[in-house]
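The values are calculated or read from the model by the stated rules, or taken from the named source; none is laboratory data. This one's a predicted model, so the numbers in the text were calculated from it and none came from an experiment. Ideal geometry is used to build each Cβ from the backbone, glycine not excepted, and the neighbour counts take in all protein chains shown. Note: areas computed on protein heavy atoms with side chains; ligands, DNA, RNA excluded. Shrake-Rupley method; radii C 1.70, N 1.55, O 1.52, S 1.80 Å.
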Amino acid sequence: MTRGSGTLWGVGLGPGDPELVTVKAAKVIAAADVVAYHSARHGRSIARAIAEPYLRDGQIEEHLVYPVTTETAQHPGGYAGAMEDFYRESAERIAAHLDAGRDVALLAEGDPLFYSSYMHMHTRLTERFEAVIVPGVTSVSAASAAVSTPLVQGDQVLTILPGTLPAAELERRLADTDAAVIMKLGRSYPHVRQALSAAGRLGDAYYVERASTSTQRVLPAADVDDASVPYFALTMLAGRSRPPAAPGSVSVVGLGPGDTAWMTPQSRRELAEATDLIGYGPYLDRVVTRGGQTRHPSDNTDEPARARLACMLAEQGRAVAVVSSGDPGVFAMATAVLEEAKQWPGVEVRVIPAMTAAQAVASRVGAPLGHDYAVISLSDRLKPWDVIARRLTAAASADMVLAVYNPASKTRTWQVGAMKDLLLEHRDPGTPVVIGRDVSGPAESVTVVRLADLDPADVDMRCLLIVGSSQTQWYSGDGTDRVFTPRRYPQV
């Protein structure tokens, strides 16, 4: 920090009503040697108008006028170049006052660190000068007050979105939240309306313009004239209880391989809307339970019992979600539920897809599944070993990459060795084998070995194996194993 310099105060003014300026903000504004504020080229500063009751005679005012207000500019660097020069020059003007020992109150509508121009000055000045933030009431709170509606309650989730996002991205995020506020409207409003409509939430949305000011407008978002929307407007979706899924239904929901970031928004919605959650205990532990939901954990070998319970509850009018790790249709619960549902004609079954364990393991080393591949389970609990052996031999002789599920367990210890012997009849000993254990989980490990060096003792039930074809390539770069199978196969 510069010794003897002034202090930069980032002062939040609230949403527009001067009476919503905090007591601290009013004191800082009145005490400051310099008051700085932004405006468009017309020169009328909203920030100064809000702060005017708290200004005093003799203060220096720094009026920072934006060179452009849209993304078109005559500057050689375009809009970004014009704004970069503006922020740099504005920071130099403020720095000159701070160097001279003057305290500067830089005004910001709302809160200084919430979608505010103040942040551009903060990042440029705080390496040299002390900065103090005075928080302000945001337009989000003002809009909620304007419609006299709670934004969120209980464990509902609020999402703040800029209206400048593409409509498809807005739609995705709106569908995945309980409550939302969309800011920065203006010319963005047509595609904001489109996103609200596509998400099925336009009828629930309020439009609030210039909240807390004398020109405040509040009306249903569907009734807004697109051409009349200013930048200082927002759309608000108050929190709502998630609608229950269709009664008398079962959704078989894929959780993905482990990391919650890999779970799809559709899976999260299905889980949130269910009245009952059924699944293997450790998988259910990955699901956040909401109020009113009932959990039904069970052992990993009770798949028919789980499916029967799901159909029984659905017949009673419950909305049931049966969870599976990975994708529910890949060696998982979808088959068991559909098989059981044949006996329950009134029960609707929906399968909600997810990322598979094979995809997750493959991603850790590159693209071993980049060409044709077969997916095989080594478990002989539900099918005889001679069937598995024939399928391994067929896939190996066809030179297909293999994704091998359920390779071993506490009671199945010899199958990996038997598979290795079969494959070596068709594959080069140097063929890469990827061993992925607990991928995306806390105990993740991924190794690559030669087929000839595959040790069954290194493989357990938490592993998935990917065995390359004759074309699969393996190399190390920066200490990391990279494996890929080219898309082009050589002509025979």
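Side notes on the structure shown:
- Cα-based reach from LYS420 at 19 Å (exclusive), listing aspartates and glutamates while leaving out same-chain residues under 8 positions away: ASP380, ASP386, ASP399, ASP428, ASP453, ASP455, ASP458, ASP460
- A Cα-only calculation for region 389-434 places Rg and Dmax at 10.8, 31 Å.
- Computed packing ranks the peptides 99-108, 446-455 as 99-108, 446-455, most packed first, by mean other Cβ atoms within 10 Å.
- Of the trypsin sites (Lys or Arg not before Pro) in region 375-410, those whose Cβ has at most 16 other Cβ within 10 Å and which sit in DSSP loop: ARG381, LYS410
- Whole-number D in µm²/s for the chain (Stokes-Einstein; Kirkwood sum over Cα pairs; 4 °C, 1.567 mPa s): 47 µm²/s
- Residues of type lysines that LYS27 reaches as a straight line, Cα spacing below 30 Å, ignoring anything fewer than 8 places off in the same chain: LYS184
- In the full protein context, region 249-355 carries 44 Å² of accessible surface per residue, based on a 1.4 Å probe and ignoring ligands, DNA and RNA.
- Helices of the chain meeting both criteria, an alpha-carbon length of 15 angstrom or more along the long axis and an average Kyte-Doolittle score not below -0.5, with helices taken as full DSSP H segments, are 303-315, 385-397.
- Gyration tensor (alpha-carbon) shape descriptor, region 358-484, a/c threshold 1.5: oblate
- Percentage, to the nearest whole number, of Cα pairs in region 8-137 over 17 Å apart: 56 percent
- Mean-position separation - Cα centroids, region 354-368 and region 406-473, in angstrom: 14 Å
- The chain, relative contact order [Cα under 8 Å, separation at least 6], %: 10 percent
- Rounded to the nearest 500, the helix-only mean residue ellipticity at 222 nm of the chain stands at -8500 deg cm²/dmol, with each DSSP H run of n ≥ 4 adding -39,500 (n - 2.57).
- Global form of region 140-237, assessed from the alpha-carbon gyration tensor, a/c cut-off 1.5: oblate
- Under 17 Å from the Cα of LYS342 - aspartates and glutamates, other chains or at least 8 residues apart: GLU303, GLU315
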